[in-house]
Each structure stands twice: as structure tokens, then as C-alpha cells.
1. VAL85 fails exactly one of the following numbered conditions: (1) open to solvent by 70 Å² or more (accessible area, probe 1.4 Å); (2) modelled with pLDDT of 95 or more. What is the number of that condition?
2. Considering each residue of region 157-193, count those that are touching a strand residue (DSSP E or B) at 6+ places or on another chain (Cβ under 7 Å) and farther than 23 Å from GLU38 by Cβ, and give that number.
3. So HIS92 passes all but one of these: (1) crowded, with 19+ Cβ neighbours inside 10 Å; (2) under 27 Å from ALA189 (Cβ atoms). Which condition number does it fail?
4. Within region 133-175, can you find the residues that are in contact with a helix residue (DSSP H, G or I) (Cβ under 8 Å, 6 or more places away or on another chain), surrounded by 14 or more Cβ atoms within 10 Å (Cβ to Cβ) and among the aliphatic types (A, V, I, L, M)?
5. What pairs come out if I take residues in region 1-27 that are open to solvent by 40 Å² or more (accessible area, probe 1.4 Å) and at pLDDT 95 or above and pair them with residues that are among the basic types (Lys, Arg) and part of a helix (DSSP H, G or I) whose C-beta lies under 7 Å away, six or more apart or interchain?
6. Hey, can you tell me all the residues within region 95-115 that are open to solvent by 70 Å² or more (accessible area, probe 1.4 Å) and either at positive phi or within 14 Å of the chain's Cα centre (by Cα) (or both)?
7. Within region 125-166, how many residues turn out to be in contact with an Asp or Glu (Cβ under 9 Å, 6 or more places away or on another chain) and of a type in the set (Ser, Thr, Tyr)?
8. Return a yes/no flag: does region 44-60 have any residue that is open to solvent by 70 Å² or more (accessible area, probe 1.4 Å), without any contact (Cβ under 8 Å) to a residue 24 or more places away in the chain and assigned to a helix (DSSP H, G or I).
Amino acid sequence: MDAPTFRDVLQAQRRIRPYLPRTPLHRYPALDELLGTEVYVKHENYQPVGAFKVRGGVNLISQLSADERARGVISASTGNHGQSVGFAARRHGLAATIVVPHGNSVEKNAAMRALGVTLVEHGDDFQESREHAQELAATRGAHMVPSFHTDLLSGVSTYWREFFQAVPQLDVVYVPIGLGSGVCSAIAAKLAL
């Protein structure tokens, strides 16, 4: 898988703009004082699903062919990725199924269902859910949306482009790491700029 290029990020920005707002970037004096430096916080929690991942879902799903759209999409998630897929599928009029592990967050499951997702509980962990989602996609002929893909990274990189444009002289960027799409997108955007 290739890292997103600057062109990929610009194209993703055009694709997501009709669906998602730019998010605010703020400084908080008490935080600056506590840490002894200027701190900038990019509020991706203002996105419709409360997380940056929605940018990637909108970018990926907006590029599906008419045939892929007609077959619907399926993925595995424990929350934010599933909401991203659900949000994008709803905006594009697609059916979406998300497979989650048993015991998944009740709140995340409710958030995905609220977006029109058909939720399937399967497996004891994400890996078992992902394997089941792949089997369902093959059986149903649905488009399998992976959790990590160049088009997802390109969409997420738009958030970092906004950040780096607003504050071009940064010394350090802190990025929480789960699966890695946030940090990979930050690196891709920085390299592209």
C-alpha cells in the first residue's frame, strides 16, 4: 500500500468537502500554561461521528463504482471506523453492514445503528469480527471496506493538511495510535507538504 500523495490529499479534500466541515483549531491558555508551551488542539470531535475517521470513510465510499454501490458495503469495527462507513454509506444511499465483536461498546453499537448500519455481532475480538466480515462480503457479494487503506488515509490526511496549513511552524505533533491510520495520515500529509 502506498502512502497518500499531495494530489491524493487534494482530491480527497474535494470529495469530502460537501459532506464534512473543516474542524476548529484552538489554543487554551490553561493548557499552554500547564505544559509551558503553545499547544494547538484540532477538534475532530466536532465531526458528525465525533472522530477523524469519518473523513476516510467518505473519501473511500465516494469513489466506489455504481456496481460496488449497488452491492452495499461491509466492514468490521469496534466503533469509529464503523461509524465512518455508516455515515458515508448513508450519505451515498448504500446499505452498510458492520461486524463487531461480542461485548463491544454499547454506545458505539448504538451510534452505528443510528447511522442506519446493520450490526452483526460475531467473535470474541476484532480479528474474528474482521474474518467474519470478509466471509459475509464474499457470500453476499458486498464490497469489503478494510480498516486500513490508502483511500482511508487520504481522507484522514485532509485533517492534517488543515492543521499544518493553520500552524506551519510546529516543533512536535502528538498523535494517539490505535490501528495507525491517524499517525500514518499525519506523516503522509507532512511529507506531502
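The values are calculated or read from the model by the stated rules, or taken from the named source; none is laboratory data. Please read these numbers as outputs of a predicted model, since none were measured by experiment. Here Cβ is always computed from backbone atoms with ideal geometry, including for glycine, and neighbour counts include all displayed protein chains. Note: areas computed on protein heavy atoms with side chains; ligands, DNA, RNA excluded. Shrake-Rupley method; radii C 1.70, N 1.55, O 1.52, S 1.80 Å.
1. (1)
2. Qualifying residue count for the region: 0.
3. Of everything listed in (1) crowded, with 19+ Cβ neighbours inside 10 Å; (2) under 27 Å from ALA189 (Cβ atoms), HIS92 misses just condition (1).
4. Correct list: ALA142, MET144, VAL145, LEU152, LEU153, VAL156, VAL173.
5. TYR19/ARG91
6. GLY103
7. 5
8. Checking region 44-60: at least one residue is open to solvent by 70 Å² or more (accessible area, probe 1.4 Å), without any contact (Cβ under 8 Å) to a residue 24 or more places away in the chain and assigned to a helix (DSSP H, G or I).
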